[in-house]
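Chemist: Pasting a structure here, questions to come.
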Amino acid sequence: MGDGRGEEYLFKIVLIGDSAVGKSNLLSRFARNEFHANSKATIGVEFQTQSLKIDGREVQAQLWDTAGQERFRAVTSAYYRGAVGALIVYDITRKLTFDNVARWLDELRMHSDTILVTMLVGNKRDLGELREVLVEEGTAYAEAEGLMFLETSALDATNVNTAFHNVVKEIYNSYT
Ligand code: GDP
Ligand code: MG
């Protein structure tokens, strides 16, 4: 990756996690400041390239969203190939999606050829009254597995920019 001077940084980052946890909405909130209350399952693999300023330098984040293939083993190795960052998303109102994080982490580690900066993301924190996963549970799991951690809301935009920005910054720092 060189010293970065006069070079472009392009980091591939994948979003993974169970269906309907809010991956596509986190991406649309971050990239376009949009939220879709009735989003349909994403068709086909999609990615968006988003430009960020890190330490005064332009960095491109290529953000990959799964294609509604969130059953285990359905996400192909091409999806993970070359990724240097990942967000593993669960829904704080559905315990099962948190329990499945371990399997997503296994898949990620199995497919990734490069060292990944990984953030655990507990989404839908605006739905606090329906919460099934405590913040402390997310924190403890992330700490045990060496992951970054944030709770977010794609609906009210809480921590969405911060989540992507922190992941990109951590990747950037590991290359400089
Ligand atoms: P994906 O399958 O992981 O890509 O999930 P989607 O982004 O398609 O979201 C699934 C459903 O959850 C949709 O109805 C969204 O409107 C809703 N959703 C996503 N993020 C949030 C959030 O932060 N808060 C709330 N209340 N709903 C959300
Ligand atoms: Mg989706």
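The values are calculated or read from the model by the stated rules, or taken from the named source; none is laboratory data. Everything quoted here is computed from the prediction, not taken from an experiment. With ideal geometry, Cβ positions are generated from the backbone for all residues, glycine too; neighbour counts draw on all protein chains shown.
Chemist: Within the set of pairs 6+ apart or on separate chains, which have a first residue in segment 112-124 that is over 23 Å from Ala140 (Cβ atoms), a second that is within 16 Å of ligand 2 (Cβ to nearest atom) and part of a strand (DSSP E or B), and C-beta atoms under 8 Å apart?
Modeler: Close Cβ pairs satisfying both conditions: Ser112/Ala86.
Chemist: So Tyr80 passes all but one of these: (1) surrounded by fewer than 24 Cβ atoms within 10 Å (Cβ to Cβ); (2) within 16 Å of ligand 2 (Cβ to nearest atom); (3) among the aromatic types (Phe, Trp, Tyr). Which condition number does it fail?
Modeler: (2)
Chemist: Something else: Every residue in segment 114-132 that is within 18 Å of the chain's Cα centre (by Cα) and part of a loop (DSSP other than H, G, I, E, B), please.
Modeler: Matches in segment 114-132: Thr114, Ile115, Leu116, Lys124.
Chemist: Please find, within segment 146-169, the residue that is farthest from the chain's Cα centre (by Cα) out of those that are surrounded by 15 or more Cβ atoms within 10 Å (Cβ to Cβ) and in a helix (DSSP H, G or I).
Modeler: The residue in question is Lys169.
Chemist: Can you name the residue in segment 21-38 that is near ligand 1 (Cβ under 6 Å from one of its atoms) and in contact with a strand residue (DSSP E or B) (Cβ under 7 Å, 6 or more places away or on another chain) and, of all such residues, is farthest from Ser51 (Cα to Cα)?
Modeler: Filtering segment 21-38 for residues that are near ligand 1 (Cβ under 6 Å from one of its atoms) and in contact with a strand residue (DSSP E or B) (Cβ under 7 Å, 6 or more places away or on another chain), the one farthest from Ser51 (Cα to Cα) comes out as Val21.
Chemist: Name the one entry in Thr97, Thr66, Thr93 that is modelled with pLDDT under 90 and crowded, with 17+ Cβ neighbours inside 10 Å.
Modeler: After ruling out the rest, the residue left standing is Thr66.
Chemist: Something else now. For segment 10-18, indicate whether the set of residues that are part of a helix (DSSP H, G or I), within 28 Å of Tyr175 (Cα to Cα) and at pLDDT 90 or above is non-empty.
Modeler: Taking every residue of segment 10-18 in turn, none turns out to be part of a helix (DSSP H, G or I), within 28 Å of Tyr175 (Cα to Cα) and at pLDDT 90 or above.
Chemist: State all residues of segment 124-176 that are out of contact with any helix residue (DSSP H, G or I) (no Cβ under 8 Å at 6 or more places or on another chain) and aromatic (Phe, Trp, Tyr); if no residue qualifies, say none.
Modeler: Tyr172, Tyr175
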